[in-house]
Amino acid sequence: MLKKLFRYIALIAVPFIASLFIRLLYLTNKKEFHAPSTIGDEPTIFACWHGELLMLPYLYSYYRKTPYAKVLISPHFDGLLISKTIKYFGLGTITGSTHKNAARVLLQAMKSLKVGYDIGITPDGPKGPRHEVADGIIVMSQKTKAKVVLVRILPTKFWKLKSWDKFIIPKPFGTIHFWASEPLDISGTGMEEARTFLKKRLDNYEK
């Protein structure tokens, strides 16, 4: 009973406080965008490593002044907290995992792309391995012909959590570097070739 009460209170309080904290961190940092000025209007898949997703809403808003996106979020309690937090930034969610119930999650994501939503995904989420590209993003892109924008979000000052993804939280009064690729078409590429290509581009984000 006590656990349920704690979770209920957390689901109300934590997302609101977290959204304010994220905004504060953004406002107290300088920002540099190393990204194309435009990516077009077609529904697009935005992909970043799980450990760098905290500031993803701001990279997204760089391209879409009116948010129209859904983010794939794990069904666990921490995922529910994230889901409620990003609603404060105008983002919807698809709850599930590309490891568990993969077919259902991918089907929902592909339907969303086809009706005009952008999709946010962490290729190594929700539980790793860290910085390894899972099948989900590749299948999603190839089935819908949606292009992929690869994202890295790297602050000059940050805290790094001791989690599997080495989650990064920017510290105030530094600079947040937002890196984004041009829209990438992997629709005609084999699975392993696409996986290698995406990982290489994410690992070599400055090139």
Handout entry: Most mobile of ILE121, ILE45, ILE12 in a GNM of the chain (Cα contacts under 10 Å)
Key = ILE12
Practice task
Using the structure shown, list the pairs from LYS31/LYS114; LYS145/LYS200; LYS4/LYS84 with a Cα-Cα distance above 29 Å, or answer none.
Solution key: LYS31/LYS114
Completion exercise
Burial-style ranking of 186-197, 131-142, average other-beta-carbon count within 10 Å with highest first, yields 131-142, 186-197
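Quick check on the chain: helices-only [θ] at 222 nm, where DSSP H runs of length 4 and up contribute -39,500 (n - 2.57) each and the sum goes over total residues. Nearest 500, please. Mind dumping the intermediate values first?
Values: 6 runs with 80 residues, N = 207.
Roughly -12500 deg cm²/dmol at 222 nm, from the helical runs in the chain.
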Fill in the blank from the handout: For 72-78, 171-177, ranked highest to lowest by mean beta-carbon neighbours within 10 Å, the order is 72-78, 171-177
Fill in the blank from the handout: region 74-152 and region 164-181 have their Cα centres apart by a whole-number Å value of 20 Å
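Read the figures in this text as sums done on the coordinates, not as results from a lab. Note that the structure is a prediction, hence the values are computed from the model and not measured. Don't worry about glycine lacking a Cβ; one is built from the backbone with ideal geometry, like all the others, and counts go over all protein chains shown.
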